[in-house]
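Inspection log for the structure reproduced underneath, given as structure tokens.
What follows is calculated from the coordinates using simple rules that are stated; it is not laboratory data. Bear in mind that the values here come from a model prediction, so they are computed numbers and not experimental data. As a convention, Cβ positions derive from the backbone with ideal geometry for all residues, glycine included, and neighbour counts pool all protein chains shown.
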Amino acid sequence: MGTDFWLTIAQATFDGITLFFLLIGLIGLLIPIFPGLTVMWLATLFYALVHASANQMTAWDWAAFSLISVMMLVGNVIDNVIIARHMRERSIPWRSILLGYLAGVIASLFFTPVVGLLAAPAGLYAAESMRLKNGREALASTRAWLTGWGWSLAVRFAIGLAMTLTWMMWAWI
């Protein structure tokens, strides 16, 4: 077995590891505080740096990496924009929104991300209940958060898929 064989095995292994981290990031998007798009971008950054150090990055490769970088930035920003827009449409004040986010982050840090996922809308519900003095209206506010989160998840997941497909075209075509 010659050097070419081992280089092919090494490249296939490296590609497999990169794809593994892309899939971890994609699945991680289901967990609200997990930075899935950033994990995916870091995997492609490492891939680009290794290939650049071997002088194997073409203009197409840099363009693909740049596109992945833009998708990651847009995805990380759009997440908060979608949720906040749904909540602001119901005239939920920023104070209640921040209390809900804070409850989710604290619960995720001290317990698990799943508890954080439950704590964020619960924190928003508590803040809105105190503000509105009406459980039904507070529940409507919480539904707005959940709807925004659902749409945000769908958009981030679509962006994550696009990032993965872009990397696959970059790496394998």
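Numbers at a glance
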{"read-out": "Angle between the chain longest axis and helix 59-89 axis [Cα atoms, degrees, rounded to 10]", "value": "10"}
{"read-out": "Ellipsoid semi-axes in whole angstrom, largest first, where each is sqrt(5λ) of the Cα gyration tensor of the chain", "value": "42, 15, 11"}
{"read-out": "Selected from R156, R143, R131 as most flexible by GNM, with the chain as the system and alpha-carbon contacts under 10 Å", "value": "R131"}
{"read-out": "Trypsin sites (Lys or Arg not before Pro) restricted to the range 72-122 and DSSP loop, no more than 16 other C-beta within 10 Å", "value": "R90"}
{"read-out": "Residue exposure sequence - V74, V39 - by fewest surrounding Cβ within 10 Å", "value": "V74, V39"}
{"read-out": "Farthest toward positive dipole pole in the range 73-173 [+1 Lys/Arg, -1 Asp/Glu at C-beta], among L109, V74, A84", "value": "A84"}
{"read-out": "Helix axis angle, 3-28 relative to the chain longest principal axis, alpha carbon, degrees", "value": "10"}
{"read-out": "In degrees, nearest ten, helix 94-110 long axis to first principal axis of the chain (Cα)", "value": "60"}
